Amino acid sequence: MAACESEREFLKDRHEAPVLATHRLVLREPRMADAEQLARLANNIKVAAMMTGMPHPYTRGDAEVFICRAGEADATASTYAVTSKQNGSFLGCAGLSSDREGKLQLGFWLGEPHWGKGYATEAAHALVDLAFDRLAVERLHTRCRLANTASRRVIEKCGFQFTGIGLLNSIAAGQFSAEHFTLDRRVWASLKGWR
């Protein structure tokens, strides 16, 4: 194993995030068994160019390092493997993490074969609910590349509101313009009641 000394050491130090189940998905902690599918789906410039921290090309070694680091999150940060409830296949990743300013951020990506099927919205809803149900946050933040209309639609379906535009640095794409969004607890509560 390239990224961790042993699977036992890897599992011993992991932060336990709750498993989340939706209508079609199971969101769970990434496992070393996901590394091959993760590397295959992430090794796509169409995916990497929309992300800040994803290199391109993306190797199995990159996947193993990512999986090891996913377990180092604290109580307000969790990384999830987004998997199919039907067959357990790995579809992408989603998570909650604190940015440099301490703001809780929602992030997600799916492999290209899984685009346009509503999985990202389903995963994002589950994580938004987790953030407000279990964490003492009043606001959740997210952002997407200006050119990423699909992610913007997911963000809007979750009730986030546009707050501005800024620049982000991407390992694969250099600097790009990104839209920033915020979801307030009160808005989430009213939207949750409408679902």
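The values are calculated or read from the model by the stated rules, or taken from the named source; none is laboratory data. Here the structure is a predicted model, which is why all the values come from computation and not from measurement. As a convention, Cβ positions derive from the backbone with ideal geometry for all residues, glycine included, and neighbour counts pool all protein chains shown. Heads up: the accessible areas ignore ligands, DNA and RNA and are worked out on the full protein's heavy atoms, side chains in. Shrake-Rupley method; radii C 1.70, N 1.55, O 1.52, S 1.80 Å.
Per-structure values
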{"quantity": "Of all accessible heavy-atom area on region 56-195, the percent that carbon and sulfur account for (1.4 Å)", "calculated": "50 percent"}
{"quantity": "Extreme residue, positive dipole direction of the chain, given options Ser89, His56, Leu183 (C-beta unit charges)", "calculated": "Leu183"}
{"quantity": "Acute angle (nearest 10 degrees) that the helix 119-134 long axis makes with the longest principal axis of the chain, alpha-carbon atoms", "calculated": "80 degrees"}
{"quantity": "At 1.002 mPa s and 20 °C, Stokes D of region 75-138 from Kirkwood alpha-carbon radius, µm² per second", "calculated": "172 µm²/s"}
{"quantity": "Measure of compaction for the chain (Cα Rg per 2.2 N^0.38 Å)", "calculated": "0.98"}
{"quantity": "Cα-based convex hull, region 130-173, per residue volume (Å³, whole number)", "calculated": "117 Å³"}
{"quantity": "Helix-only CD estimate at 222 nm, as mean residue ellipticity for the chain, using -39500 (n - 2.57) per DSSP H run (n ≥ 4)", "calculated": "-9500 deg cm²/dmol"}
{"quantity": "Heavy-atom accessible area ranking, 1.4 Å probe, most first, across Met50, Met32", "calculated": "Met50, Met32"}
